[in-house]
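Reading through the structure tokens given below for one structure.
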Amino acid sequence: MMKLKFFRKRNTWQKRLFMLCILCCCSLTVLAQRRISGTVIDVNDEPVIGVNVVERGTTNGTVTDVDGKFSLSVRENATLQVSYIGYITQEISVLTATGGGAIPL
């Protein structure tokens, strides 16, 4: 009977250690993200409403608002896919993005 109690305590300790490891891994994933924002414009420098902005390879995405603006949390080395009806889908690397946050379609 005494050995059974000791085993239960040890098992609880192992569970707590495992949960701590899982928590640390999850927090590192969240810290490896960055918030980006920008504006999608057309050839006339007018904002485009309803453009899909998605992180490639995920379901993480958003749609531009009435001013063509968007904001999204993505991984550090993410690539954005920008698509809209009647336009060619563009892929933009977050690491090499320039232009003050304006994405021309």
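In the full protein context, the stretch 29-76 carries 61 Å² of accessible surface per residue, based on a 1.4 Å probe and ignoring ligands, DNA and RNA. Think of each Lys and Arg Cβ as +1 and each Asp and Glu Cβ as -1; about the Cα centre, that makes the dipole of the stretch 28-87 roughly 360 debye.
Over the stretch 29-82, what percent of the accessible surface lies on carbon and sulfur atoms, probe 1.4 Å? Taking all protein chains in place, the stretch 29-82 shows 48 percent carbon and sulfur surface.
The values are calculated or read from the model by the stated rules, or taken from the named source; none is laboratory data. Here the structure is a predicted model, which is why all the values come from computation and not from measurement. Note: ideal-geometry Cβ built from the backbone for every residue, glycine included; neighbour counts use all protein chains shown. Note: accessible area is taken over every heavy atom of the protein model, side chains too, but ligands, DNA and RNA are not part of it. Shrake-Rupley method; radii C 1.70, N 1.55, O 1.52, S 1.80 Å.
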